[in-house]
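Participant: Let me begin by handing over the structure; questions about it come next.
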Amino acid sequence: MINDFNYLKPDTLKEALAMYAEHDDCKVICGGQSLLIVMRQGMISPEYLLDIKHVTELDYIKFDKKDGLRIGATTTHREIEKFNVIKKNYPVLVSMENKLASIQVRNWGTIGGNLAHADPAGDPAPVLIALKANIRVGGAEGDRTILLEDFFVNYFETALNKGELVLEVHVPPPEPKMGAAYQKFNLLESDMGIVAAAASVTLNDKGKCKDARIVLGNAGATPKRIKRAEELLIGKAYDENLFAEAGKIASEDCEPVADIHASEEHRRHLLGVLTKRMLKKAWEKARS
Ligand SMILES: Cc1cc2nc3c(=O)[nH]c(=O)nc-3n(C[C@H](O)[C@H](O)[C@H](O)COP(=O)(O)OP(=O)(O)OC[C@H]3O[C@@H](n4cnc5c(N)ncnc54)[C@H](O)[C@@H]3O)c2cc1C
């Protein structure tokens, strides 16, 4: 059962930030796809709900070859999935969104809500971190931009200060000879992953690895970069043994916990396999 709350419905971002600053026990709601579940479970019962779903200033997708991609916080998963410029320039984002929940959830759930919820099993974060995204957040006092990888602090905890909203996600322009891949392992299609791995690989003119990112999902409290494996790849040529070695490091360096879906050991194994596969896939995309 959901306890009674007072409903606040701002029309503009300025109004939303003022209302958020004014009310102490206040929770933001956007698509409600995650928030209503925790409210129904009685885990939280805020006195005020601030509904930002209709703040149209935050509902946009913009792309510029020099600046990259900018997605407003209230943009739905479905809008991202359907946006042709994203399909062309960041296909990994579309394939990730394709497997996020059901169409019904994607039609209503938003990118800002997904990131702010900070579920370690959330799909967008590992992919966006592999693409070197940052996030713009702001409150009545002003805005700030942080690297997305620094945004996640702990299980369901972010670097948002009191009174701050997620405003925008920014992804840099796609680099030449860069490929990216993402896969989650789930028992039910269109559900949260038991674990997930994202990889991006950038090659130099000689076809060797110039830059790489490996980011794991549901492998600890926050999306986890496997820097030891990333470093191993720099300067190397395509080699399946190398991907296997990176996978082994990923399974050692991740920090998954056991739950009813999978043991810690099984998760480590899956993360190693997914890392190896995603690196190979990302590298092949970078080559093509
Ligand atoms: C059946 C089902 C299946 C799902 N499967 C997946 C899946 O496979 N992968 C996946 O990643 N997710 C999945 N989800 C989760 C869900 O899709 C996302 O978490 C959703 O996108 C959250 O967006 P929302 O707008 O609904 O957020 P809400 O539920 O409205 O809010 C979520 C949290 O973020 C806060 N918040 C929302 N917007 C902002 C903002 N702009 N600034 C600051 N705080 C904000 C809220 O206060 C709340 O704490 C699933 C959900 C359901 C119901």
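Participant: Here is a list of conditions, (1) over 23 Å from residue 104 (Cα atoms); (2) of a type in the set (Phe, Trp, Tyr); (3) surrounded by fewer than 18 Cβ atoms within 10 Å (Cβ to Cβ), and residue 60 meets all of them except one; can you say which number that is?
Facilitator: Result: residue 60 fails condition (1) only.
Participant: If the requirement is being crowded, with 19+ Cβ neighbours inside 10 Å and out of contact with any His (no Cβ under 6 Å at 6 or more places or on another chain), which of these qualifies: 229, 221?
Facilitator: Matching residue, one of 229, 221: 229.
Participant: May I pose another question? So, restricting to strands (runs of 3 or more DSSP E) that lie completely within the range 1-51, which ones have at least 1 residues that are more than 13 Å from the ligand (Cβ to nearest atom) and surrounded by 12 or more Cβ atoms within 10 Å (Cβ to Cβ)?
Facilitator: 6-8
Participant: Can you pull out the residues in the range 31-84 that are free of Cβ contacts under 8 Å to residues at least 12 places away in the same chain and either basic (Lys, Arg) or at positive phi (or both)?
Facilitator: 62, 82
Residue by residue, here is whether (1) modelled with pLDDT under 95; (2) more than 19 Å from residue 83 (Cβ to Cβ); (3) surrounded by 18 or more Cβ atoms within 10 Å (Cβ to Cβ) holds:
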{"residue": "107", "(1), (2), (3)": "no, no, no"}
{"residue": "116", "(1), (2), (3)": "no, yes, yes"}
{"residue": "126", "(1), (2), (3)": "no, yes, yes"}
{"residue": "134", "(1), (2), (3)": "no, yes, yes"}
{"residue": "147", "(1), (2), (3)": "no, yes, no"}
{"residue": "153", "(1), (2), (3)": "no, yes, no"}
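Participant: Let me ask another. Which one is farthest from the ligand (Cβ to nearest atom) among residues in the range 155-179 that are under 24 Å from residue 102 (Cβ atoms) and either buried (at least 21 other Cβ atoms within 10 Å of the Cβ) or polar (S, T, N, Q) (or both)?
Facilitator: From the range 155-179, those under 24 Å from residue 102 (Cβ atoms) are 156, 166, 169; that's our starting set.
With either buried (at least 21 other Cβ atoms within 10 Å of the Cβ) or polar (S, T, N, Q) (or both) added as a condition, the list becomes 166, 169.
On the way: 166: 4, 169: 10 Å.
Restricting to residues being under 24 Å from residue 102 (Cβ atoms) and either buried (at least 21 other Cβ atoms within 10 Å of the Cβ) or polar (S, T, N, Q) (or both), the top hit is 169.
Participant: If I filter the range 106-123 for residues that are free of Cβ contacts under 8 Å to residues at least 60 places away in the same chain, more than 11 Å from the chain's Cα centre (by Cα), more than 24 Å from residue 258 (Cα to Cα) and outside any loop (DSSP other than H, G, I, E, B), do I get at least one hit? It would help to see each step written out before you state the result.
Facilitator: Residues of the range 106-123 free of Cβ contacts under 8 Å to residues at least 60 places away in the same chain: 106-107, 111, 115.
Retained after the next criterion (residues that are more than 11 Å from the chain's Cα centre (by Cα)): 106-107.
Right, trim to more than 24 Å from residue 258 (Cα to Cα) and you get 106-107.
With the extra rule that they be outside any loop (DSSP other than H, G, I, E, B), the set shrinks to 106-107.
Taking every residue of the range 106-123 in turn, at least one turns out to be free of Cβ contacts under 8 Å to residues at least 60 places away in the same chain, more than 11 Å from the chain's Cα centre (by Cα), more than 24 Å from residue 258 (Cα to Cα) and outside any loop (DSSP other than H, G, I, E, B).
Participant: Further question on the same structure: May I ask you to verify whether residue 86 is outside any helix (DSSP H, G or I) and either in contact with a Lys or Arg (Cβ under 8 Å, 6 or more places away or on another chain) or closer than 30 Å to residue 177 by Cβ (or both)? Break it down stepwise before answering.
Facilitator: Working: outside any helix (DSSP H, G or I): no; either in contact with a Lys or Arg (Cβ under 8 Å, 6 or more places away or on another chain) or closer than 30 Å to residue 177 by Cβ (or both): yes.
The answer is no for residue 86.
Participant: Continuing with the same structure: Do the conditions hold for residue 93, that is, is it buried (at least 21 other Cβ atoms within 10 Å of the Cβ), more than 10 Å from the ligand (Cβ to nearest atom) and not in a loop (DSSP other than H, G, I, E, B)?
Facilitator: For residue 93, the condition - buried (at least 21 other Cβ atoms within 10 Å of the Cβ), more than 10 Å from the ligand (Cβ to nearest atom) and not in a loop (DSSP other than H, G, I, E, B) - is met.
Participant: In the range 96-105, how many are more than 6 Å from the ligand (Cβ to nearest atom) and either in contact with a strand residue (DSSP E or B) (Cβ under 7 Å, 6 or more places away or on another chain) or in a loop (DSSP other than H, G, I, E, B) (or both)?
Facilitator: Adding up the residues that qualify gives 3.
Participant: Tell me yes or no: at least one residue of the range 128-151 is in a loop (DSSP other than H, G, I, E, B) and near the ligand (Cβ under 8 Å from one of its atoms).
Facilitator: There is no residue in the range 128-151 that is in a loop (DSSP other than H, G, I, E, B) and near the ligand (Cβ under 8 Å from one of its atoms).
Participant: Additional query: What tally of residues in the range 249-264 results from selecting those that are in contact with an Asp or Glu (Cβ under 7 Å, 6 or more places away or on another chain) and exposed (fewer than 13 other Cβ atoms within 10 Å of the Cβ)?
Facilitator: 1
The values are calculated or read from the model by the stated rules, or taken from the named source; none is laboratory data. Just so we're clear, the structure is a prediction, and the values are computed from it rather than from any experiment. Backbone-built Cβ (ideal geometry, glycine too); neighbour counts: all protein chains shown.
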